[in-house]
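Quick notes on the structure that follows.
The values are calculated or read from the model by the stated rules, or taken from the named source; none is laboratory data. Computed from a predicted model, the values in this text were never measured in an experiment. Neighbour counts run over all protein chains shown; Cβ positions are idealised from the backbone, glycine included. Note: accessible area is taken over every heavy atom of the protein model, side chains too, but ligands, DNA and RNA are not part of it. Shrake-Rupley method; radii C 1.70, N 1.55, O 1.52, S 1.80 Å.
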Amino acid sequence: MGLATLVGFDSAANLAEEAKDPFRTVPRAIVGSVVAAGILGMVFLITLTVAIEDVPRISRDGSPVAAIMRDQLGPLMEKTLLVGITFAFFGAGIVVMVACSRLVYAMSRDGRFPAHRLMRRVDPRTQTPIPATILVFALGVVLMVALPGAALLELITASTILPAVMYGATIVLYLAVRRRLGRKKGAFDLGRFELPVAICALVWTLVALFVLVTPGEALVSVVIVVGLLLVGGLFFLVMLKVDREALETEPGDAGAFMH
C-alpha cells in the first residue's frame, strides 16, 4: 500500500499529447500528484498503524485494512469507507486503462507494436485511439476472468514491481543522455536541482525495488516480472532483425492526434 500511493504519477505524461501547454502543465500535474499522494497516503498509513490493537491477529487477517477499520469504527463505517476505496480503485483503473492505451497508440504510431496499423487508428470524432483502448480493456477482462484469485493477486503485485523497474530505467536513460537533450523556453525546469533530484529519484527507486522483491512471498511476482521483461526483450530483438528502420526512426510530433 505504501508504494501504491506513489505509483501512477507518470500517467499524466502518457496523456501529454492531449494536454494544453504540456511542457508546463504535465510536469506540474506529476509533481502535484506525488506530493498529494505522498502526504495523504502517509497520513493514512500512519493512522492505520497506530490503530492496530492486535498486531499478530491483524497480520494474519486476509484483509488487514478492513479489519482495522472494523475494530476502530464498527461494521457500518467499515463498509462505508470500503465503498469509497472501491470507487477510488475504479477511478485508478480507468486512469491505468487510458494511460496504457496511449502507450499502445504511441508504439503503434511509431510502427513498434503488433498490428500497429490497426492500433494507431484514431477516431475522427472523439480524437482518441479507440482500438488501442479496446485492446487494453479486453486484456484486463480476460485476465480477471481466466485467472484464479491467488494468481490474479500475484499479477497485481507484479504490476507494482514493474513501474519501479520502468522508473529506474527511465532515470538511468535520462542520466545517460541529459547533456544531449534540448531545452524549450518557458517549459518546466528544475534548474540546478535537476541532477540532485534525478540521483535521489534513482536511489529511492532502488530502495523501493529492494523492499518489493526481497520478501519470500514476492518470489512468484518477481518471476512474472522477469518473464515479462524477457518477452519484451525477445520482441525487441525480433524488431531489430525484421524492422530495424522502425526502431531507428523517430516520427516526431507528426502523428500526434491532439495538440
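Look at residue 231 and say whether it is open to solvent by 60 Å² or more (accessible area, probe 1.4 Å), farther than 30 Å from residue 147 by Cβ and part of a helix (DSSP H, G or I).
No; evaluated as a whole, the condition is false for this residue.
Restricting to the range 188-205, name every residue that is surrounded by 11 or more Cβ atoms within 10 Å (Cβ to Cβ) and not β-branched (Val, Ile, Thr).
188, 189, 190, 194, 195, 198, 200, 201, 202, 204
Within the bounds of the range 235-253, is there any residue that is closer than 23 Å to residue 25 by Cα and open to solvent by less than 80 Å² (accessible area, probe 1.4 Å)?
For the range 235-253, residues closer than 23 Å to residue 25 by Cα and open to solvent by less than 80 Å² (accessible area, probe 1.4 Å): present.
Does residue 24 satisfy the condition of being closer than 30 Å to residue 189 by Cβ and among the charged types (D, E, K, R)?
When the stated conditions are applied, residue 24 passes them.
Might you let me know whether the range 179-196 holds any residue that is at pLDDT 90 or above, among the hydrophobic types (A, V, I, L, M, F, W, C), within 30 Å of residue 25 (Cα to Cα) and part of a helix (DSSP H, G or I)?
Yes, some residue in the range 179-196 is at pLDDT 90 or above, among the hydrophobic types (A, V, I, L, M, F, W, C), within 30 Å of residue 25 (Cα to Cα) and part of a helix (DSSP H, G or I).
Where the second residue is among the β-branched types (Val, Ile, Thr) and the first is open to solvent by 30 Å² or more (accessible area, probe 1.4 Å) and lies in the range 56-72, which pairs have Cβ atoms under 7 Å and are six or more apart or on separate chains?
64/58
Kindly evaluate residue 208 against the criterion of being in a helix (DSSP H, G or I) and open to solvent by less than 60 Å² (accessible area, probe 1.4 Å).
Against the criterion (in a helix (DSSP H, G or I) and open to solvent by less than 60 Å² (accessible area, probe 1.4 Å)), residue 208 qualifies.
Counting just the residues of the range 211-225 that are part of a helix (DSSP H, G or I) and open to solvent by less than 70 Å² (accessible area, probe 1.4 Å), which one comes out nearest to residue 38 (Cα to Cα)?
212
When the range 101-138 is examined, which residues are found to be among the hydrophobic types (A, V, I, L, M, F, W, C) and either touching an Asp or Glu at 6+ places or on another chain (Cβ under 9 Å) or without any contact (Cβ under 8 Å) to a residue 24 or more places away in the chain (or both)?
106, 107, 113, 115, 118, 119, 130, 134, 138
Can you find a residue in the range 75-84 that is over 26 Å from residue 220 (Cα atoms) and under 22 Å from the mean Cα position of the chain (by Cα)?
Checked against the condition, which is being over 26 Å from residue 220 (Cα atoms) and under 22 Å from the mean Cα position of the chain (by Cα), the range 75-84 yields at least one hit.
If you scan the range 197-219, which residues turn out to be over 30 Å from residue 27 (Cβ atoms), of a type in the set (A, V, I, L, M) and over 20 Å from the mean Cα position of the chain (by Cα)?
Matches in the range 197-219: 219 only.
Quick one: which residue in 229, 175, 234 is modelled with pLDDT of 90 or more and more than 25 Å from residue 8 (Cβ to Cβ)?
Testing whether each residue is modelled with pLDDT of 90 or more and more than 25 Å from residue 8 (Cβ to Cβ) leaves just 234.
How many of the residues in the range 172-187 are in contact (Cβ under 8 Å) with a residue 40 or more places away in the chain and open to solvent by 90 Å² or more (accessible area, probe 1.4 Å)?
Selection size over the range 172-187: 1.
Name every residue in the range 27-55 that is touching a residue at least 60 places away in the same chain (Cβ under 8 Å) and surrounded by 15 or more Cβ atoms within 10 Å (Cβ to Cβ), in order of residue number.
Matches in the range 27-55: 27 only.
Give the residues of the range 110-166 that are open to solvent by less than 60 Å² (accessible area, probe 1.4 Å) and touching a Pro at 6+ places or on another chain (Cβ under 6 Å), sorted by residue number.
110, 119, 122, listed by residue number.
So which residues in the range 45-60 are of a type in the set (D, E, K, R) and assigned to a helix (DSSP H, G or I)?
Scanning the range 45-60 gives 57, 60.
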